[in-house]
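Notes follow the structure.
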Amino acid sequence: MKRDEQKLLWIPAIRKADGPVYLAIADALSADIRSGKLAAGARLPPQRALADALKIDFTTVSRAYAEASKRGLVEGKVGQGTYVRTSRPSLIRPVPSGLVDMSMNLPPRFDEPGLMARMWGGISGLQSTGGFDLLMRYQEAGGARRDREAGALWLSSRLEGLRPERILVCPGAQGALVAVVGVLAAPGDTICVESLTYPGVRSVASHLRVKLATVSIDDDGIIPESFEKVCVDSKPKALYCNPTIHNPTTATLSLARRHALVEIARRHQVPIIEDDAYGALPLDPLPPLAAIAPELVYHIAGLAKCIAPALRIAYLVVPDGHATARLSGAIRATASMASPLTAAIASRWIEDGTAEAVVAAIRQETAARQIIAAGILPSEAISADPEGFHIWLRIASPWTRGEFSSRLQLHGISVVASDAFALSSPPEAVRLGLGAPETRDQLAQSLRVVADLLDQSPSASTMVV
């Protein structure tokens, strides 16, 4: 055996469970080139030697090298071996088949035909259990008793002892948010939000003519001292927050900070609107704010992010009976009611275990997609939660968020710049939704384009001629 086959200068760090091994090798090669571990012109191990070292088939390594060559990472020299390219061409090409809309923060599609059939079977079964009334009758604004009971069952693992009387069935999280803000704040009043916040609450505030005051955040979420200062200075009518897998930063508020926020809110008598859109995703979640301070928190648990975007149902947990009556009136005034048919689908899936099975499938697919993203994007530039399906990508100079987003758009990829979330001083960052691409391969290809663009300067990647 030759000397260069005895001691390999590069062995990729891969896990065989992470998908096709040849793609994992190519992704590891790309990551090591970006990090500087593999310099331009470096010789790669002979294919057979690398196959022996990794204990895999020779053909797998051959496919990996071919994939790396296709990406423009390596070049072969006849009789000499395979080398890292000294001048790597751009991976970026316009996407002929249309836009990869990574601006939408959707749960990823899972490939489980049996579960999909079970979902459709539950819907068709409503014909015998729900009857014609689901199509031809109105229901009360806060939801039918059975649907409230299903909501209590769904939330029972996170909000122990929750009774259906404290639940209102709303037409989606946005519908719940409109109702709660409308009840807690009058035009001209102030509510406080995180300095990077869900764009939907900005729309609601604008529509209801409610002012927004920002609370500072860091890598761990809301800073309690900043919240207290806003309480003193602005006398807000409520705090709106997203404490678990925050949109867009992915931060999850620690237990200590949750208790600190609650104590401040109690001291200043400020209700909390807890948007728990992603609360069903963690396997071992922290207690919601509503579990710590049920008398203070309006808890919104939508199903769009954890089960299906088409399931426009949210369970609104309120502090007491007085709030129930006021919010039922707000729902009646703004939307009349949640769709009885949609609510019945949600109840059916919750009662027969389909909903939990869907969440498990989404968790599994999300984990796989997070692994793909971690292998392609530079770790120092991203914030991510392994149980969430979006990523917060920080953009380094000379790029700006606007120019980076526009350039990606030219190449068929849509992302959301920080301006959508910031009330002032947007950071140089964008949000990437990992769930929108239909397949893992499409996701990986899109992320390679993102990574390749990050490696270039704006002038080098321009398409203007």
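Data for the structure
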item: Matching residues, segment 237-259, being open to solvent by 10 Å² or more (accessible area, probe 1.4 Å) and farther than 27 Å from LEU393 by Cβ; result: LYS237, LEU255, ALA256, HIS259
item: Residues located in segment 153-173, provided they are touching a residue at least 60 places away in the same chain (Cβ under 8 Å) and assigned to a helix (DSSP H, G or I); result: LEU153, TRP154, LEU155, GLU165, ARG166, GLY172, ALA173
item: Every residue from segment 184-218 that is more than 24 Å from the chain's Cα centre (by Cα), open to solvent by 30 Å² or more (accessible area, probe 1.4 Å) and of a type in the set (Val, Ile, Thr); result: none
item: Breaking point among (1) closer than 22 Å to PRO285 by Cα; (2) aliphatic (A, V, I, L, M); (3) open to solvent by less than 30 Å² (accessible area, probe 1.4 Å), for LEU327; result: (1)
item: Per-region count, segment 366-394, residues open to solvent by 20 Å² or more (accessible area, probe 1.4 Å), over 19 Å from ALA28 (Cβ atoms) and in contact (Cβ under 8 Å) with a residue 40 or more places away in the chain; result: 3
item: Residue pairs meeting the criteria (Cβ under 7 Å; at least 6 apart or on separate chains; first farther than 26 Å from SER379 by Cα, in segment 33-58; second open to solvent by 50 Å² or more (accessible area, probe 1.4 Å) and in a loop (DSSP other than H, G, I, E, B)); result: ALA51/ASP57; ALA53/ILE11
item: When residues of segment 154-165 are limited to those that are out of contact with any helix residue (DSSP H, G or I) (no Cβ under 6 Å at 6 or more places or on another chain) and surrounded by 15 or more Cβ atoms within 10 Å (Cβ to Cβ), the one farthest from ASP352 (Cα to Cα); result: ARG158
item: Tally of residues being at pLDDT 85 or above, part of a loop (DSSP other than H, G, I, E, B) and charged (D, E, K, R) across segment 38-67; result: 1
item: Pick from segment 68-87, criterion in contact with a strand residue (DSSP E or B) (Cβ under 9 Å, 6 or more places away or on another chain) and closer than 30 Å to GLN409 by Cα, ranking: modelled with the lowest pLDDT; result: THR86
item: Scan of segment 65-83 for residues that are among the basic types (Lys, Arg) and either closer than 27 Å to VAL450 by Cβ or open to solvent by less than 50 Å² (accessible area, probe 1.4 Å) (or both), ordered by number; result: LYS70, ARG71
item: Evaluation of GLY279 against (1) open to solvent by 10 Å² or more (accessible area, probe 1.4 Å); (2) in a loop (DSSP other than H, G, I, E, B); (3) of a type outside the set (A, V, I, L, M, F, W, C) (one fails), failing number; result: (1)
item: Segment 112-144, subset charged (D, E, K, R) and surrounded by 11 or more Cβ atoms within 10 Å (Cβ to Cβ), residue farthest from THR354 (Cα to Cα); result: GLU140
item: Answer residue from segment 1-19, given it is modelled with pLDDT under 80 and within 30 Å of the chain's Cα centre (by Cα) and is least open to solvent (accessible area, probe 1.4 Å) among those; result: GLY19
item: Leading residue by the ranking (most open to solvent (accessible area, probe 1.4 Å)) among those in segment 282-305 that are assigned to a loop (DSSP other than H, G, I, E, B) and among the aliphatic types (A, V, I, L, M); result: LEU283
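The values are calculated or read from the model by the stated rules, or taken from the named source; none is laboratory data. On a predicted model such as this, the values are computed, not experimentally measured, just so you know. Note: ideal-geometry Cβ built from the backbone for every residue, glycine included; neighbour counts use all protein chains shown. All accessible areas refer to the heavy atoms of the entire protein, side chains included, with ligands and DNA or RNA removed. Shrake-Rupley method; radii C 1.70, N 1.55, O 1.52, S 1.80 Å.
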